[in-house]
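Participant: What follows is a single structure, and I will ask about it in a moment.
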Amino acid sequence: MQLKNVSKFHGGKCVIRRADLSVKAGEVVCLAGPSGIGKTTLIEIMAGIIPADQGDVKLNELPALAFQDDILIPWLSARDNMEYALSGMPRHERRVKADIWLDRFGLLSNQKPWAMSGGMRRRLNLARAFASGRNVLLLDEPFAFLDGAWQELVADFIARAGSAGKALVISSHQLHFLKKIESRIVEVVSSPIVLSDGT
């Protein structure tokens, strides 16, 4: 994945200015910085949810995205939410992958999102991204709303994905969880965001 000279404006205000960033297979990049500075906007540009106003975004394939806000279908069960997100796979493969990742995240297959705690909804949101099988993962605040044990486990899943050759971009305030991960931390300290490879 590569961003080149990417800029974004909201209401005439520059949020991202001429950002350059490359993420290679097997690399974990963390965007670190205060809330409200534009990290989510940058991830949504990478995901193709919102367009860049200037510059180029190059992806070898569509990424999997775990949103900062857990965007789940409230009337579907956890398994059906998983299978909906995996709809490009054959039905049997969808069911198997859904069950594997629901188990890994400690979730009941028949539970509805409206009956889950915030941490459980976050785990379901992350499970969908990890189950996707895609080679680019974008995880917006993956440790938020999780207790310490689950934060450690998510950090382990991130490390394994990187070791398996996936490219990951995450945003997080909780950098101590990244000590066990071979990652590149990109500090985002000013608005508008200005990124250069090697920062």
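The values are calculated or read from the model by the stated rules, or taken from the named source; none is laboratory data. Since the model is a prediction, treat every value here as computed from it, not as a measurement. Quick reminder, even Gly has a Cβ in these numbers, built from the backbone with ideal geometry, and neighbours come from all protein chains shown. In case anyone asks, the SASA skips ligands and DNA or RNA and just uses the protein heavy atoms, side chains included. Shrake-Rupley method; radii C 1.70, N 1.55, O 1.52, S 1.80 Å.
Participant: Quick one: which of Gly148, Gly133 is over 12 Å from the mean Cα position of the chain (by Cα), surrounded by fewer than 23 Cβ atoms within 10 Å (Cβ to Cβ) and touching a residue at least 24 places away in the same chain (Cβ under 8 Å)?
Facilitator: Answer to the selection: Gly133.
Participant: Among residues belonging to the stretch 63-74 that are in a loop (DSSP other than H, G, I, E, B) and closer than 24 Å to Val194 by Cα, point out the one that is most open to solvent (accessible area, probe 1.4 Å).
Facilitator: Gln68
Participant: Same structure again: Kindly indicate the residue of the stretch 75-86 that is among the aliphatic types (A, V, I, L, M) and assigned to a helix (DSSP H, G or I) and also farthest from Arg134 (Cα to Cα) among those meeting that condition.
Facilitator: Ala78
Participant: Give Arg160, Arg121 a once-over and let me know the one that is open to solvent by 40 Å² or more (accessible area, probe 1.4 Å), within 21 Å of Val96 (Cα to Cα) and free of Cβ contacts under 8 Å to residues at least 24 places away in the same chain.
Facilitator: Of Arg160, Arg121, the one residue that is open to solvent by 40 Å² or more (accessible area, probe 1.4 Å), within 21 Å of Val96 (Cα to Cα) and free of Cβ contacts under 8 Å to residues at least 24 places away in the same chain is Arg160.
Participant: So, restricting to strands (runs of 3 or more DSSP E) that lie completely within the stretch 1-57, which ones have at least 3 residues that are open to solvent by 50 Å² or more (accessible area, probe 1.4 Å)?
Facilitator: By residue number, 2-10, 13-22.
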